[in-house]
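Here the structure comes first, spelled out in structure tokens, and everything after it is commentary.
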Amino acid sequence: MSEKRGCALTGHRNITAALERGLESRLLDLIEELAQEGIEVFYTGGARGFDALAALCVLRVRSRLGVRLCVCVPFEKQDRRYEGADKDLYHTILNDADEVVYVSESYGKNVYHKRNRYMVDRSEVCVAFLESDSGGTAYTVAYAERKGKRIINLADELSDTL
């Protein structure tokens, strides 16, 4: 069986409501564009913010576009500090995903980096919402660049419109 063509989705946890609306619209369009280019699997990290929004966008269009959602969770109890709506949304996304991969059994040093490398290593495109030169999203984009992956930074596209 041949390897599926993939796209890693990565971004910041904290995004404003106004920004979320612009991101959602652009993500839906971009997922469709990438599906037309042959991308079959979208990988997201299962965190709050951009990861959740990206996962919901993939779920919204997957049957129409024939794409799959793989949620790559850094460790089994990632949601231990989530509360209320965040916890409910997290479990809804995991339940609706085509595949859930637990990259590590428990929390430990570098589990988030390990998760991010897992997503990038299985992808040819990295779609990011990166506004900062530090943190997990910056690490993931830098790793994707070192691996020669195509990078699409939605923060660059949306900065003019928001």
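The values are calculated or read from the model by the stated rules, or taken from the named source; none is laboratory data. Predicted model only: the values in this text are computed from it and were never measured. For neighbour counting, all protein chains shown are included, and Cβ atoms are generated from backbone atoms with ideal geometry for every residue, glycine included.
Side notes on the structure shown:
- Considering the range 43-162, the qualifying strands (runs of 3 or more DSSP E), each wholly inside and each with 2 or more residues that are farther than 22 Å from R26 by Cβ and out of contact with any Gly (no Cβ under 6 Å at 6 or more places or on another chain), run over 68-75, 99-104.
- Residue in the range 13-26 that is within 23 Å of G148 (Cα to Cα) and within 14 Å of the chain's Cα centre (by Cα) present: no
- Condition check for D121 on (1) surrounded by fewer than 13 Cβ atoms within 10 Å (Cβ to Cβ); (2) free of Cβ contacts under 8 Å to residues at least 40 places away in the same chain: one failure, at (1).
- Members of the range 28-42 found to be farther than 19 Å from T137 by Cβ and either in a helix (DSSP H, G or I) or in contact with a helix residue (DSSP H, G or I) (Cβ under 9 Å, 6 or more places away or on another chain) (or both), listed by number: L28, D29, E32, E33, A35, Q36, I39
- Of note, G22 does not satisfy the criterion of being small (G, A, S), within 22 Å of N116 (Cβ to Cβ) and touching a helix residue (DSSP H, G or I) at 6+ places or on another chain (Cβ under 9 Å).
- Scanning the range 6-19 for residues that are closer than 19 Å to N116 by Cβ and either surrounded by fewer than 18 Cβ atoms within 10 Å (Cβ to Cβ) or among the β-branched types (V, I, T) (or both) yields T10, R13, N14, I15.
- Just one of (1) within 23 Å of K4 (Cα to Cα); (2) at pLDDT below 95; (3) out of contact with any helix residue (DSSP H, G or I) (no Cβ under 9 Å at 6 or more places or on another chain); (4) not hydroxyl-bearing (S, T, Y) fails for G46. It is (3).
- Residue within the range 1-22 that is closer than 19 Å to A97 by Cα and in a helix (DSSP H, G or I) present: no
- Out of A54, A138, A128, sole residue that is of a type outside the set (S, T, N, Q) and either over 12 Å from A8 (Cα atoms) or more than 14 Å from the chain's Cα centre (by Cα) (or both): A138
Matching residues to (1) loosely packed, with under 14 Cβ neighbours inside 10 Å; (2) at negative phi:
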position	(1), (2)
G46	no, no
G49	no, no
L53	no, yes
L56	no, yes
V61	no, yes
L65	no, yes
C70	no, yes
E76	yes, yes
G84	yes, no
